[in-house]
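What follows is a single structure, written as structure tokens, with notes after it.
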Amino acid sequence: MIDPITALTSAFAIALILALLFWPDKGMFWQLKIGRQASGRVMMEDALKQLYDHEYRNKPGTLKSISGALELTQDKTTHLLEKLINMNLVVFDQSRFSLTNDGRTYALKIIRMHRLWERYFADETGLTAMEWHKQAEQREHTTTIDQAEQLAKYMGHPSFDPHGDPIPTAEGEIPPQKGMPLTKLEEGNLALIIHIEDEPAAIYAQLVVEGLNPGMQIHLLENSSSKIRFLAEGEEIVLAPIVAENITVLDIPKEQEMEIPSNSLADLKTGESGEVVTLSKSCRGMQRRRLMDLGIVPGTIITNELSSPGGNPVAYNIRGAVIALRKNQARHVRIKKLETAKPNK
């Protein structure tokens, strides 16, 4: 005969296990179900984003191109696109997928969230350029419209993300694409970088290392099938054409050429001084604010006081204070070398 206390204990344990598994909204079964639904929604939203990107750049939205962009098998991509067709967000015609009006509105909402977050991470945090996209990808699917509007208001309603992509308005308006790939620029011409593509990540990482950013003026020196060579902020940069293809530029007349100093703070030798002209556009967010808080602003005279045994960091006299900066920080400071100068007091 089963002991009543043992039976009661067993019944309680079974009830507790069932509650943990199947309690509405909180149980493991429901959490797994919600997780699968959220994952499915994220994939559908990513597909809508990719279809809009194809449309914006006048590329055909084929099964192969969409599956490649999403890094999914063609079978899984087909199943995903069929769902979107059934939801009246996507149409299929002549071997191509395209957005309906409802699909385009939905896609622009997600794109707005993503680009607002990228701008926030670039300007308001210490995250590196390689982290902006990943963090924005995580936030875009959980941000509400009200939260997006609060974020936009906080940043002064920015028009572009840090890569130069336009941020759709709350009404879903977005300017048409302009510019051309750097590979199409003619030798000897001047141009303004207006966009840097952040995918694939491997190519974007190389552009980040080179310190390239929207807003930089470049002077093309060589355009061949093997390399693209140009000046950017006084430094010569050489890229493979496949990498340069990810940079969009706007041709500008020679009379609009900006006078950009060829030296950075890192070029000063011990005892030499220079006058700050500007901070590189690749210096953003907390790093930019820190340098400005140290008094590194246009017109400031800075002297290289002492180098460490390994040459990095270097001690600089900035407005009477000795500040140590590493070379990767000093390279952001564009200067005009001085013959003889006394540091600012």
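What follows is calculated from the coordinates using simple rules that are stated; it is not laboratory data. The structure presented is a predicted model; accordingly, all values stated were derived computationally and were not measured. Using ideal geometry, Cβ is built from the backbone for each residue, glycine included, and neighbour counts are taken over all protein chains shown.
Structure notes:
- Relative contact order of the stretch 263-338, defined on C-alpha pairs under 8 angstrom at six or more residues apart (%): 45
- Candidate aspartates and glutamates - alpha carbon under 15 Å from Lys134, same-chain residues fewer than 8 apart omitted: Asp46, Glu118, Asp161, Glu197, Asp198, Glu199
- Taking Cα atoms only, the orientation of helix 129-140 departs from the longest principal axis of the chain by about 30 degrees.
- The radius of gyration of the Cα set in the chain, together with its Dmax, comes out at 26.8, 102 angstrom.
- Helix 101-124 and the longest principal axis of the C-alpha atoms of the chain enclose an angle of approximately 50°.
- Taking 0.36 nm per residue of sequence separation and removing the Cα-Cα distance, the Val42/Met155 pair yields an extension gain of 38.1 nm.
- Taking the charge dipole of the chain about its Cα centre, with +1 at Lys and Arg Cβ atoms and -1 at Asp and Glu Cβ atoms, the residue from His79, Thr62, Ala152 reaching farthest to the positive side is Ala152.
- Residue-averaged [θ]222 nm for the chain, counting only DSSP H segments that reach four residues, each worth -39500 (n - 2.57): -13000 deg cm²/dmol
- Using alpha-carbon coordinates, inclination of helix 4-22 to the longest axis of the chain, degrees: 50
- Between the amide H of Ile318 and those of Ile323, distances stay under 5 Å, these residues lying 5 or more places away or on another chain, with hydrogens modeled in the peptide plane.
- Computed as a quarter of the hull surface, the mean projected area of the alpha carbon convex hull for the stretch 188-332 stands at 9.7 nm².
- Placing unit charges on the Cβ atoms only, positive for Lys and Arg and negative for Asp and Glu, gives the chain a dipole magnitude near 660 debye about its Cα centre.
- Over 25 Å (Cα to Cα) - which of Lys269/Lys336; Lys59/Lys281; Lys178/Lys281; Lys184/Lys337; Lys254/Lys336 fall in this group: Lys59/Lys281; Lys184/Lys337
- Ranked by the mean number of other Cβ atoms within 10 Å of their residues, highest first, the peptides 207-218, 85-96 fall in the order 207-218, 85-96.
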